[in-house]
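Structure record follows, encoded as C-alpha cells.
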Amino acid sequence: MAEAGTLHDAFIDELRDTYDAEKQLTKALPKLAKAASNPKLRAAFEAHLEETQGHVERLEQVFESLEEKVRGKHCEGIAGIIDEGKSIMEEDFGDTTMDACLIAAGQRAEHYEMAAYGTLVAWAQALGHSDAAKLLQQTLDEEKAADKKLSGLAEGGINQSAAEAAHPDDESEEPVGVGAAGGRKGSSGAKIGRR
C-alpha cells in the first residue's frame with residue numbers, strides 16, 4: 001500500500017496548480033484588455049497583467065524557499081474559467097455589454113485565485129513556512145485589490161451603461177416612486193379619486 005500524502009504534499013501540489021494558473025492568466029489577460037472598449041477597464045487588465053507576472057516570480061521565490069523544483073501542474077479550474085471568457089469574447093455584444101461581461105469573466109478568475117491563495121497562506125502558516133506565507137499573502141492582497149477595482153468599474157458606470165443600452169426606451173418612463181396620479185411614493189394619496 002502506498003504511503004499516504006501529507007499536508008506538505010498537498011501544499012506543493014496546490015502551489016504547482018496555482019503557478020500554472022498564473023502562467024495561463026499571463027496569456028489570457030492581454031486578450032481581455034484588447035477586447036475591452038472602456039479605457040479604464042483596459043488599463044485595469046493591463047495593470048493586473050503586470051501584477052500577474054509578479055505573482056509568477058513570487059511563486060518561484062516560494063518554491064525556492066521550500067527547496068522545491070519550480071514547475072506547474074495543469075490547472076483545469078482556471079483553464080475552464082479562461083474558456084468561458086473566450087466564449088464571452090466570441091459573443092456579438094455591444095461595447096458596454098461586452099465590458100460588463102469581461103468584468104464578470106475577470107472576477108471569476110480573481111475569485112478562483114483568492115480561494116487558492118487563501119488556502120496556500122493558511123497551509124503555509126500551519127506548516128511553519130512563514131516566509132512563504134508572507135509572499136503568498138502579498139499576492140492574495142493584490143488579487144483582492146484587483147477584484148475590488150473590477151467591482152468599482154462595474155458599479156461606477158459600466159453596468160449601468162450596459163443596462164441603459166439594453167433598455168434605451170426606459171428613459172421616457174416615469175422615475176421610480178412616481179405613481180400614475182403624479183404623487184410621490186409615500187405621499188398621502190390625496191389625489192387618488194379626484195376628477
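Taken together, the values in this text are just the output of simple stated rules run on the coordinates, not laboratory data. In this text the structure is predicted, and so the values were computed from the model without any measurement. Neighbour counts are summed over all protein chains in view; Cβ atoms, including those assigned to glycine, are modelled from backbone coordinates with ideal geometry.
Taking residues in region 116-141 that are over 22 Å from residue 78 (Cα atoms), and partners anywhere that are assigned to a helix (DSSP H, G or I) and acidic (Asp, Glu), not one pair has Cβ atoms closer than 7 Å while being at least 6 places apart or on different chains. Here residue 73 does not fit the description of being free of Cβ contacts under 8 Å to residues at least 24 places away in the same chain and surrounded by fewer than 18 Cβ atoms within 10 Å (Cβ to Cβ). Looking at region 87-109, is at least one residue buried (at least 18 other Cβ atoms within 10 Å of the Cβ), in a helix (DSSP H, G or I), of a type outside the set (S, T, N, Q) and touching a Lys or Arg at 6+ places or on another chain (Cβ under 7 Å)? No, there is no match, as no residue in region 87-109 is buried (at least 18 other Cβ atoms within 10 Å of the Cβ), in a helix (DSSP H, G or I), of a type outside the set (S, T, N, Q) and touching a Lys or Arg at 6+ places or on another chain (Cβ under 7 Å).
Scanning region 20-72 for residues that are under 18 Å from residue 97 (Cβ atoms) and of a type outside the set (Gly, Ala, Ser) yields 31, 32, 34, 38, 39, 40, 41, 42, 45.
Out of region 31-72, which residues are assigned to a helix (DSSP H, G or I) and among the charged types (D, E, K, R)?
Within region 31-72, 31, 34, 40, 42, 46, 50, 51, 57, 58, 60, 64 qualify.
If you filter region 9-57 down to residues that are among the polar types (S, T, N, Q) and surrounded by fewer than 18 Cβ atoms within 10 Å (Cβ to Cβ), you find that the one that is nearest to residue 162 (Cα to Cα) is 37.
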